[in-house]
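Visitor: I have a structure I would like to understand better, so I am pasting it below and will then ask my questions one at a time.
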Amino acid sequence: QVQVVESGGGLVQAGGSLRLSCAVSGSIANIFAMSWYRQAPGKQRERVAVITNSGGTIYADSVKGRFAISRDNAKNTVSLQMHSLTPEDTAVYYCNKYPTGFDTWGQGTQVTVSS
């Protein structure tokens, strides 16, 4: 069973940056697309960014121009570089296969942006 471990979250002031990482226990080389999601308290989980195997990317309007997703198929990792963070970015961030996810989700990594 594939396991996913997210890391890199933390507390940052508004305007700051963070880089999240996602380590997948199996190979992602043949996975068409990987995605980062986030879930804020009291809200539904939302898709933040997607990256295909060929490097194509899709971003939610709310993060376009501020976040950048990347993947390293050799290391089985997916990263999310986040800049110009705002309190509205506060959430638990998860990564998963897209569009159909792995059977289980990772624990996520908490990002908290203070104003």
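Visitor: Which whole number of Å³ per residue matches the convex hull of the alpha-carbon atoms in the range 1-67?
Guide: Output value, Cα hull per residue: 124 Å³.
Visitor: So what's the net charge close to THR77: Lys and Arg +1, Asp and Glu -1, counting the other residues with Cβ under 12 Å from its Cβ?
Guide: That sum, taken over residues with Cβ under 12 Å, equals +1.
Visitor: Above 17 angstrom, tally the Cα pairs of the range 56-115 and express them as a % of all pairs, no decimals.
Guide: Here the tail beyond 17 Å accounts for 49 percent of pairs.
Visitor: For the range 35-88, take the convex hull of the Cα atoms, compute a quarter of its surface area, and give me that in nm², please.
Guide: Result: 4.2 nm².
Visitor: Nearest 20 debye, what's the magnitude of the dipole of the range 7-71 about its Cα centre given +1 on Lys and Arg Cβ and -1 on Asp and Glu Cβ? Don't skip to the end; give the middle numbers.
Guide: Numbers: 8 positive and 2 negative charges, 15 e Å.
Here the range 7-71 has a charge dipole of around 80 debye.
Visitor: Sticking with this one: Give, rounded to the nearest 20 debye, the magnitude of the charge dipole that the chain has about its Cα centre when Lys and Arg contribute +1 at Cβ and Asp and Glu contribute -1 at Cβ.
Guide: 100
Visitor: Continuing with the same structure: Could you tally the net charge around ALA23, taking each other residue with its Cβ under 9 Å from the Cβ of ALA23, Lys/Arg +1 and Asp/Glu -1?
Guide: Every neighbour counted, the sum reads 0.
Visitor: Hey, what did the chain get for relative contact order, percent, Cα under 8 Å, at least 6 apart?
Guide: For the chain, the relative contact order is 38 percent.
Visitor: How fast does the chain diffuse by Stokes-Einstein, in µm²/s, taking the Kirkwood radius from C-alpha pairs at 37 °C and 0.692 mPa s?
Guide: Translational diffusion coefficient: 235 µm²/s.
Visitor: Give me the dipole magnitude in Debye, nearest 20, for the range 64-110 about the Cα centre, with unit charges on the beta carbon: positive for Lys and Arg, negative for Asp and Glu.
Guide: Roughly 180 debye, rounded to the nearest 20.
Any read-out appearing in this document is the output of simple, stated calculations on the displayed coordinates, not a laboratory observation. Please read all numbers here as calculations on a predicted model, not as lab measurements. Methodologically, a virtual Cβ is constructed for each residue, glycine included, from the backbone with ideal geometry; neighbour enumeration extends over all protein chains shown.
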